[in-house]
Amino acid sequence: MNAELITIGDELLIGQTVDTNGSWIGEQLNLLGIKVTQISSIRDDREHIISSLNVALNRSDLVILTGGLGPTNDDITKTTLCEFFESQLVLNKQVLQKIETYFKSRGLKMLKVNSDQAMLPNNCETLRNDRGTACGMWFKKNGVDFISLPGVPYEMKGIFLEEILPKLKTQYLTSNVVNKTIKTQGIGESFLAEIIKDWETELVSSGLKLAYLPSPGIVKLRITGFGNNENELAKKIDGFINQLKSLIPNYIFGYEKDRLEEVVGELLKRSGSSLSLAESCTGGNIAHLITAISGSSAYYKGSVVAYSNEIKEQLLNVSPNLIKNNGAVSKEVVEQMAIGVKNAFNTDYAIATSGIAGPSGGTKQKPVGTVWIAVANKENVISKKFSLGNNRERNILISSLSALNMLRLMLLN
């Protein structure tokens, strides 16, 4: 069966807001084995909505819309849906009572535009929204299912998971779908594909599917299987994952929802070890990732954001001559930074970063994107040079993840 997603809102078309709803819903439908064939973003405009619905009616089995259900005058999706489905808005007393309770619990005055959100089409199934005031709506026309959801991601996801997902499983799930995701760091997509090409050929020949899902610093591999026996599918996929572990043991850091900073935290906790950081080009981003994990105080002691050479010298005991002779972005300096912060905080492990995040500041010898990372423990210090691009945000993220992965490998070895 084919599904189509339509996201509604002028803000999506002028670049003011990035559409994350389409990608998230697409992922959920894929997990059910429902193929998404089209994702469109359109204006909050009657003619555009009607036209898009008519096209979707003739080519899709399931159509999901998000956006345009707010209380303001520019949100016209609900009235346009009434026109398309030949329905009328009627007061839903149960929804009105819920909206009144919502505002009363927050000590807010309820306006007419808020109570109007309880006016719903008389020929749709109402989908409960426990996180806001705009209900979802489920229509049927000529055998096609149309679902309209609020555009606020927090509300949309709640309705989808609690109201829609169980119904879709009952209505559309004809065979079992098993997905397993392997997360890698430290290798690009093309290099990874080259190493595992024979494994991939065997996997595909067995009837499974493989998807490469790259993002800055991380490449995810998603294996998907379809069949009647869920346990057999899972066992088959696990067999291929075990083969993959022997092919790329150093690159795999986790599975499914694992986060690299979480994996590293568990290793530190398990070994009873402590960590400190000396960040220059990453500007505290590694500390942010580490402290985003609950319980990180068990192993993380603190950090120095040593952005200037003066701080590197005064707080991390980096020799001025070392900086003068090699430059701040160098193997010698970053290793001394790691040793210096480890000694200053008396930790078992330390990470240090120094680089040119960009887009300015590069030279012919050290262009933008040049980054040195060092990881130290009580016996050893290792360092590595990275040559990244000229996007500052991307360079900071990749450097942070690469540093965490270097620490992960040191902890494992």
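A few remarks follow.
- Candidates are the residues of region 25-60 that are among the small types (Gly, Ala, Ser) and at pLDDT 95 or above; the one that is farthest from Gly225 (Cα to Cα) is Ser51.
- Counted residues, region 378-413 - those being in contact (Cβ under 8 Å) with a residue 40 or more places away in the chain and of a type outside the set (Ser, Thr, Tyr): 18
- Matching residues, region 271-301, being surrounded by 14 or more Cβ atoms within 10 Å (Cβ to Cβ) and of a type in the set (A, V, I, L, M, F, W, C): Leu275, Leu277, Ala278, Cys281, Ile286, Ala287, Leu289, Ile290, Ile293
- For Ile25: the one exception among (1) in a helix (DSSP H, G or I); (2) within 24 Å of Leu173 (Cα to Cα); (3) free of Cβ contacts under 8 Å to residues at least 40 places away in the same chain: (3)
- His288, sole failed condition from (1) within 30 Å of Pro359 (Cβ to Cβ); (2) touching a residue at least 12 places away in the same chain (Cβ under 8 Å): (2)
- Which listed residue, of Val90, Val95, Val36, is assigned by TED's automatic domain parsing to the domain that holds Asn114, in contact (Cβ under 8 Å) with a residue 24 or more places away in the chain, over 28 Å from the mean Cα position of the chain (by Cα) and assigned to a strand (DSSP E or B): Val90
- Residue in region 287-305 that is under 30 Å from Ile196 (Cβ atoms), assigned by TED's automatic domain parsing to the domain that holds Ala403 and in a helix (DSSP H, G or I) present: yes
- Test for Ala211: is it assigned by TED's automatic domain parsing to the domain that holds Ile373, hydrophobic (A, V, I, L, M, F, W, C), under 24 Å from the mean Cα position of the chain (by Cα) and more than 23 Å from Asn377 (Cβ to Cβ): no
- Sole exception among (1) over 15 Å from Leu411 (Cα atoms); (2) surrounded by 19 or more Cβ atoms within 10 Å (Cβ to Cβ); (3) not assigned by TED's automatic domain parsing to the domain that holds Ile382 for Ser246, by number: (2)
- Only listed residue being touching a residue at least 24 places away in the same chain (Cβ under 8 Å), part of a helix (DSSP H, G or I) and either surrounded by fewer than 17 Cβ atoms within 10 Å (Cβ to Cβ) or among the hydrophobic types (A, V, I, L, M, F, W, C) (or both), chosen from Leu322, Leu268: Leu268
- All conditions but one from (1) outside any loop (DSSP other than H, G, I, E, B); (2) more than 14 Å from Glu279 (Cβ to Cβ) apply to Gly358; the one that does not is (1).
The values are calculated or read from the model by the stated rules, or taken from the named source; none is laboratory data. This is a predicted model, so every value here is computed, not measured. With ideal geometry, Cβ positions are generated from the backbone for all residues, glycine too; neighbour counts draw on all protein chains shown.
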